[in-house]
Amino acid sequence: MNIGDELRGVVRGTVLAAGDEGFEQARRPWNLAVEQHALAVVEAADADDVAALVRHASLAGLTIATQPSGHGAGGDTGEVILLRTTRLDELDIDPGERIARVGAGVTWGSVLEAAGAYGLVGLAGSSPVVTVTGYTLGGGLSWFGRKHGFASQSVCAFDVVDATGARARVTAETDPDLFWALRGGGGDFAIVTAIEFALHPAPRLYGGRLLWPADHAAAVLDAYRQITGTAPDELTLWYDLLRFPGAAPMVAVDATFLGDGGDAEALMSPLDKIPERLSDSRAMLPIARLGSITAEPTDPGPGQSHAELLTGLTDEVAAALLRRPIDPLLSVQLRHLGGALACPSGTPAGHLDEPFALYLFGVPGQDGGAAVRERLRQIAGTLVPHTSGRKPFTFLAAGEHAASAFTPDTLARLRALKRARDPRGTFRSNFPVLGVSGGGRGGRSDRS
């Protein structure tokens, strides 16, 4: 019996294995530049299906890698069962308690639309098609993190399947160690089938993008530095150097403000003094339109990225970023951090002393991505004196490791919990806390 037939006897959902029509497409992650192997792909019918799959995998010596939508894949999965949770689509909003309960397949766009009807918002990032669960397990850096902290801090409870296949509800009271680990430590410890989290009041949301020719990149960065130096926690600004195919290079500032547009415009007034603005989409926004600010692609595609946390945005950093065109990259982005993100979180994400995050992105060309990789290396290397070496978990790229996302003490605690809760290595996250070995039918986690 092959693995596909074996699993069809275990779960009620869809199973695809090598040789099945649709398997090659199903095993691919969101980032098509990442090569991801799998023994089979299972789309679970419900949480009971997930539990049945885990019980079988544990007994059979198999490993499960859960990817609700395929975002954040790190590659090097080994021979795993790839679990998709698209059908776990429960979505309930309790406006009185300001609580959302969502299944593991629910995207942020769906939550924002449902919560926005009540003047509430979850701590979403820039993309509406990323799932709440995957994003939150990695901590979750939100547009509103300066005001409310990491998305994982808002979690009240998880519904999980543990490494024995048992279902459980995990809270700070029922299982404090696992609750702590799941709020930002990744997906190595249990499979989350649903998540409950606090929503935050957002009766008014202002946001949008300002765009200029790249000739104004230095002036825009000067204004950006001036504004972020005194910005209230309700205001978040991202600075973007952009080079879209077929278009001249540009510079942009993306903004959100939890409040009235007039207040935001007064705070952002230094940007209004810069001439030749190409566009300005700033307006009062429905919560459901949060993703329109950056208008990121909503379909899978190839990409290469690199992230760093900057210890400051000094004259030297500014000069390094603007020294030469960003080609062949598509974007070089600065995200303003600080505020609540700089405060202790009580989660594996800890806190961010660094005031800015740098995110670099390019699309591999006919050279297989060599030119993009070299440019990523150049920019990151130039900025080494001004970076901390740590990276947010959700910003890790293929070939990087979970150890870069955590302090040594946090990593040691996560590794100890992994060994205690999943001694057989039944679960494998995109970036395992124990690293990855190269062999075995199940691609077991490395226990060294």
Would you pick out the residues in the range 1-60 that are closer than 29 Å to Leu91 by Cβ, touching a residue at least 24 places away in the same chain (Cβ under 8 Å) and small (Gly, Ala, Ser)? Gly13, Ala26, Ala38, Ala40, Ala44, Ala45, Ala47, Ala51, Ala52, Ala57
Every pair of residues 6+ apart whose Cβ atoms lie under 6 Å, when the first sits in the range 89-100 and is touching a residue at least 12 places away in the same chain (Cβ under 8 Å) while the second is part of a loop (DSSP other than H, G, I, E, B) and of a type in the set (Val, Ile, Thr): Asp89/Val106; Leu91/Val106
Filter pass, Leu341 being farther than 15 Å from Gly145 by Cα and either touching a residue at least 12 places away in the same chain (Cβ under 8 Å) or in the same structural domain as Lys147 (by TED's automatic domain parsing) (or both): no
Could you say whether any residue in the range 69-80 is within 15 Å of the chain's Cα centre (by Cα), modelled with pLDDT of 95 or more and within 30 Å of Glu354 (Cα to Cα)? no
Does the range 143-195 hold any residues that are within 30 Å of Pro355 (Cβ to Cβ) and assigned to a strand (DSSP E or B), and which are they? Val155, Cys156, Ile195
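Anything in the range 114-133 that is surrounded by fewer than 18 Cβ atoms within 10 Å (Cβ to Cβ) and either of a type outside the set (Val, Ile, Thr) or within 18 Å of Gln153 (Cα to Cα) (or both)? List them, or say none.
Correct list: Ala117, Tyr118, Gly119.
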For the range 265-272, indicate whether the set of residues that are of a type outside the set (Val, Ile, Thr), within 21 Å of Glu354 (Cβ to Cβ) and buried (at least 19 other Cβ atoms within 10 Å of the Cβ) is non-empty. no
Return the total of residues in the range 219-252 being more than 25 Å from the chain's Cα centre (by Cα), at pLDDT 95 or above and not aliphatic (A, V, I, L, M). 6
Which numbered condition Ser110 misses (of (1) assigned to a helix (DSSP H, G or I); (2) in contact with a Lys or Arg (Cβ under 9 Å, 6 or more places away or on another chain); (3) not hydrophobic (A, V, I, L, M, F, W, C)): (2)
For the range 129-142, how many residues meet the condition of being among the β-branched types (Val, Ile, Thr) and assigned to a helix (DSSP H, G or I)? 3
Could you say which residue among Ala117, Ala124 is of a type outside the set (Phe, Trp, Tyr), out of contact with any Leu (no Cβ under 8 Å at 6 or more places or on another chain) and either within 22 Å of Arg289 (Cβ to Cβ) or modelled with pLDDT of 95 or more (or both)? Ala117
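Table: residues versus (1) in a strand (DSSP E or B); (2) of a type outside the set (D, E, K, R); (3) surrounded by 21 or more Cβ atoms within 10 Å (Cβ to Cβ).
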site: Gly389; (1), (2), (3): no, yes, no
site: Thr394; (1), (2), (3): no, yes, yes
site: Ser404; (1), (2), (3): no, yes, no
site: Leu417; (1), (2), (3): no, yes, no
site: Arg424; (1), (2), (3): no, no, no
With the structure loaded, tell me whether Pro297 is in contact with a His (Cβ under 8 Å, 6 or more places away or on another chain), without any contact (Cβ under 8 Å) to a residue 60 or more places away in the chain and assigned to a loop (DSSP other than H, G, I, E, B) or whether it fails that test. no
Search result, residues across the range 47-63 that are surrounded by fewer than 24 Cβ atoms within 10 Å (Cβ to Cβ) and on the phi < 0 side of the Ramachandran plot: Ala47, Asp48, Asp49, Ala51, Ala52, Arg55, His56, Ser58, Leu59, Ala60
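The values are calculated or read from the model by the stated rules, or taken from the named source; none is laboratory data. Just so we're clear, the structure is a prediction, and the values are computed from it rather than from any experiment. Every residue, glycine among them, receives a Cβ derived from its backbone with ideal geometry; neighbour counts consider all protein chains shown.
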